[in-house]
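> This is the structure, below, for whatever I ask next.
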Amino acid sequence: MSNVEAAAGRLKSLTKRPSNEELLELYGLYKQATVGDNKTSKPGMFDMKGQFKWKAWKDKSGISQEDAAEAYVALVDELIGKLN
C-alpha cells in the first residue's frame, strides 16, 4: 500500500467534513499523485461538480507524482489534526 492510499484510508477517521475547497485540494493532489497530469477532456457545462474536480486536478499539472503524494499526505495529516 502506498503512502497516498494509507493517507486516503486515514481520512475516513475524520469526525467533521472538510470544506469544499479542502475536498477539491485533496482530490487534485490525489489524482496528480496516482495518475499524473490531467489529460482528460473537460466535463460538459451542466456537470458543475465534474468541472470543479477536473479543474482541481488540472491545476496540479506539472507537479511530479512524488511531490503531489507528499503534499497529499501532509494535507491529510493537517486535516486530521484540525477536524478530529
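> Ignoring everything except DSSP H segments at least 4 long, calculate the 222 nm mean residue ellipticity for the chain; use -39,500 (n - 2.57) per segment, divide by total residues, nearest 500.
-20500 deg cm²/dmol
> Exposure proxy check: Met48, Met1 ranked by fewest other beta carbons within 10 Å?
Ordered by Cβ neighbours within 10 Å, fewest first: Met1, Met48.
> Then there's this: Between Thr15 and Ser61, take the C-beta separation as r, use R0 = 41 Å, and let me know the FRET efficiency to the nearest 0.05.
0.80
> Please compare each pair in Lys31/Lys55; Lys58/Lys82; Lys39/Lys60 to a cut-off of 23 Å on the Cα-Cα distance and tell me which ones are over it.
Among Lys31/Lys55; Lys58/Lys82; Lys39/Lys60, the Cα-Cα distance tops 23 Å for Lys58/Lys82.
The numbers here are math on the coordinates, done by the rules we state, and not lab data. Keep in mind it's a predicted model, so treat the numbers as computed, not measured. In this analysis, Cβ positions are derived from the backbone assuming ideal geometry, glycine residues included, and neighbour counts consider all displayed protein chains.
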